[in-house]
Amino acid sequence: MGKSTYEIRIAGTMPVDLLENFHQIESVEPAGTILHATQLDDAAIWGLIDALRDAGIELVEIRREAGLTPKEG
């Protein structure tokens, strides 16, 4: 499967040291916390989910953003 763009909503804030491990995260919005990640393949999204769980961060919602075409490359 190709790479997709996701919106990941978590409770609380994202630790900066954990955020630095995921260069695909382009923006973080304070509303709880909303992460926007691009160019994630299945392995990368599962890696992010596992990292959040290992850090004790509650994952509220994750969804593929509609209307955005994955970039080739």
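Computed with a 1.4 Å probe over protein heavy atoms only, the accessible surface of the stretch 14-63 comes to 60 Å² per residue. Can you compute the modelled spin-label distance between His23 and Ile62, with each label point 7 Å from Cα toward Cβ, in nm? So the label points at His23 and Ile62 sit 2.1 nm apart. With the full set of protein chains in place, find how many percent of the accessible area of the chain is carbon and sulfur; take the probe as 1.4 Å. On the chain, the fraction of accessible area on carbon and sulfur atoms equals 52 percent. Normalised by the number of residues in the chain, the average gap of Cα pairs under 8 Å and 6 or more apart makes the relative contact order 47 percent.
Counting only the Cα atoms, the chain fills a convex hull of 87 Å³ per residue.
The values are calculated or read from the model by the stated rules, or taken from the named source; none is laboratory data. Note that the coordinates shown come from a computational prediction; the quantities given were computed from them, not determined experimentally. Backbone-built Cβ (ideal geometry, glycine too); neighbour counts: all protein chains shown. Just so you know, the surface numbers come from the protein's heavy atoms only, side chains and all, with ligands and any DNA or RNA stripped out. Shrake-Rupley method; radii C 1.70, N 1.55, O 1.52, S 1.80 Å.
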